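To keep things clear, I will list the structure first and then write my remarks on it.
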Amino acid sequence: MAYLTKKCLYCITDTSGPRWTSGGPCAQEGDGMDSLVIEGCAVATVDGTAGGVIIAAGTGAEYRSGHLVTAGGRITAVGAGPAPAVANARVVDGGGCLATPGLIGTHHHLFQGLTRGRAQDSGLMRWLTELYPLWAGLDAELHGAAARAGLATLALSGCTTTADHHYLFPRGGDDLLAAGISAARQIGLRLHACRGSLDVGASAGGLPPDGVTEDRDEILAATERAIGAFHDSGPAAMVRVAVAPCAPFTVSEQLMRESAELARRTGVRLHTHLAETRDEHDFCRERFGRTPVEYMESLGWLGSDVWMAHCVHVDRAGITRLGRTGTGVAHCPTSNARLGTGIAPVPELIAARAPVGLGTDGAAANDNGGLAAEMRQSLLAARARQGATALSARQALAAATMGSARCLGREDEIGSLEVGKQADVALWRLDELGQAAGDPVWALVCGPPARLELLTVAGRPVVEAGQLCTADPATLAREARAAARALMAAGGRA
Ligand SMILES: [Zn+2]
């Protein structure tokens, strides 16, 4: 494997393998050896303040030339000018770079990376109808390959934390969720493993084939087992679990209610898809006599412990409800455009004070899989709908960082560069081909995809000089392509 062969950042010994593996870094926290100093870079903190004064969301203290210091997995200093002296620290020259918080993804389906490029000209319902039979062949090994490749793609696009909404358990096995968590540990990203579910299959008038649905009691028991096995509520958590039934048109009313009860009893968050298409809006009106937002409210699903993907077809009253209750929205503009579902009312949601984060959605509805690109797409989509002042570059960056952190309930831990927060940092090169001089935040959001000089999660390097440190991308790609072929063959036999 073509791993980097530089010295280990932590123990300063030569290594011919990855500098840290799924077991974690070789650093001893607190011994001073893991201190990192980045200086000479532009810094966008996204801390919501300017000169100590709280200002509008989407802004924060910025430095044309500043520094960032991390130690023990946390940020210990950030500000203008050179860094304070730090003993035994690795020093990174940030010239030509912009430091931002690591990006946070709020909605993904990592398994879908195996079915890119399918149903290219279909809307959501036809797209799902074509893909569900293929997905029915998924197992833990195939999902692991998809997850490793998807997480590596996210890391290389500046992502340090992601949610994975996994709702497909063809054989009811818990090992699929475990496979995704194992992949996140290997690649080195924080994961919010959203234990999804489907309980309304084709025989009950639903969309999914019966083979990919589960019994309601089994779903709730398996979800509770996953919370017990994997959920870490601590501030440095690498893995958290959420309760995440799939969508109103694939999940029964009873499962939605009982999922909310389970989440609140166990102290975890709730996630689902909502109001993605006009069809879903019409379905909810006909079936339940309510809009999608009204329906979820009737089930106890609005609140600051809930975030929902898409929310494209939400009326003014629904926007007000989401904002008043602090319900988060995972905005996935590329997926919404690819499937032709519409453009979410992001400026209105932000104005209503609803937390708005960004997500790629699954790679079968995105075909790119990078998170940084969603900042650009969110800005362009909002402006295409409402004009040039609809969304600024700083609001797009804030959505991908603090907005997403609020969706995941982690605004006190990640999402901005502030002393005491987790050392999840993206250092972007902004001096390469096609990069404009001038405003670095605009260049990051709207310019060509920026290469990462460094990406750290809890202070551990995951990407350096544009290369993944934790695995070999060529191997991951080969494994993912083989898994995709195996899934196609299994689907063809189904
Ligand atoms: Zn989705």
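In a helix (DSSP H, G or I), touching a Lys or Arg at 6+ places or on another chain (Cβ under 7 Å) and either open to solvent by less than 50 Å² (accessible area, probe 1.4 Å) or within 16 Å of the ligand (Cβ to nearest atom) (or both), is that true of residue 337? Criteria not met by residue 337. Tell me which residues, restricted to the stretch 115-146, are among the aliphatic types (A, V, I, L, M), within 30 Å of residue 450 (Cβ to Cβ) and within 15 Å of the ligand (Cβ to nearest atom). The answer is 146, and nothing else. Looking across the stretch 101-146, the residues that are assigned to a loop (DSSP other than H, G, I, E, B) and either acidic (Asp, Glu) or surrounded by fewer than 23 Cβ atoms within 10 Å (Cβ to Cβ) (or both) come down to 116, 117, 118, 119, 120, 121, 122, 123, 136, 137, 139. Of all the numbered requirements in (1) of a type in the set (Gly, Ala, Ser); (2) open to solvent by 10 Å² or more (accessible area, probe 1.4 Å); (3) modelled with pLDDT under 95, residue 364 misses one, and that requirement is (2). Among the residues in the stretch 161-172, are any farther than 14 Å from residue 362 by Cα and among the acidic types (Asp, Glu)? No; the residues of the stretch 161-172 include none that is farther than 14 Å from residue 362 by Cα and among the acidic types (Asp, Glu). Restrict the check to the stretch 402-417 and report whether at least one residue is within 16 Å of the ligand (Cβ to nearest atom), out of contact with any Pro (no Cβ under 7 Å at 6 or more places or on another chain) and either modelled with pLDDT of 95 or more or in a helix (DSSP H, G or I) (or both). Taking every residue of the stretch 402-417 in turn, at least one turns out to be within 16 Å of the ligand (Cβ to nearest atom), out of contact with any Pro (no Cβ under 7 Å at 6 or more places or on another chain) and either modelled with pLDDT of 95 or more or in a helix (DSSP H, G or I) (or both).
For the stretch 180-225, the set of residues classified as in a helix (DSSP H, G or I), open to solvent by 20 Å² or more (accessible area, probe 1.4 Å), without any contact (Cβ under 8 Å) to a residue 60 or more places away in the chain and under 30 Å from residue 104 (Cα atoms) consists of 220, 221, 224, 225, listed by residue number. Here residue 379 fulfils each of the conditions (1) assigned to a helix (DSSP H, G or I); (2) open to solvent by 50 Å² or more (accessible area, probe 1.4 Å); (3) farther than 21 Å from residue 66 by Cα apart from (2). Checked against the criterion of being open to solvent by 40 Å² or more (accessible area, probe 1.4 Å) and under 27 Å from residue 89 (Cβ atoms), the stretch 469-490 contains not a single residue that satisfies it.
In the stretch 338-367, the residue that is farthest from the chain's Cα centre (by Cα) out of those that are within 18 Å of residue 158 (Cβ to Cβ) and touching a residue at least 60 places away in the same chain (Cβ under 8 Å) is 363. Residues that are free of Cβ contacts under 8 Å to residues at least 60 places away in the same chain and touching a Leu at 6+ places or on another chain (Cβ under 7 Å) within the stretch 70-106 comprise just one, 89. For residue 328, the stated conditions hold: it is open to solvent by less than 20 Å² (accessible area, probe 1.4 Å), in contact with a strand residue (DSSP E or B) (Cβ under 7 Å, 6 or more places away or on another chain) and in contact (Cβ under 8 Å) with a residue 60 or more places away in the chain. Checking each residue in the stretch 260-274 for being open to solvent by less than 10 Å² (accessible area, probe 1.4 Å) and within 16 Å of the ligand (Cβ to nearest atom) picks out 270, 271, 272, 274.
Which pairs have Cβ atoms under 7 Å, sit 6 or more apart or on different chains, and link a residue in the stretch 157-172 that is free of Cβ contacts under 8 Å to residues at least 60 places away in the same chain and open to solvent by less than 10 Å² (accessible area, probe 1.4 Å) to one that is away from the ligand (no atom under 12 Å from the Cβ) and among the aromatic types (Phe, Trp, Tyr)? Hits for this filter: 168/135.
The values are calculated or read from the model by the stated rules, or taken from the named source; none is laboratory data. Note that the coordinates shown come from a computational prediction; the quantities given were computed from them, not determined experimentally. Note: ideal-geometry Cβ built from the backbone for every residue, glycine included; neighbour counts use all protein chains shown. Accessible surface areas use protein heavy atoms only, side chains included; no ligands, DNA or RNA. Shrake-Rupley method; radii C 1.70, N 1.55, O 1.52, S 1.80 Å.
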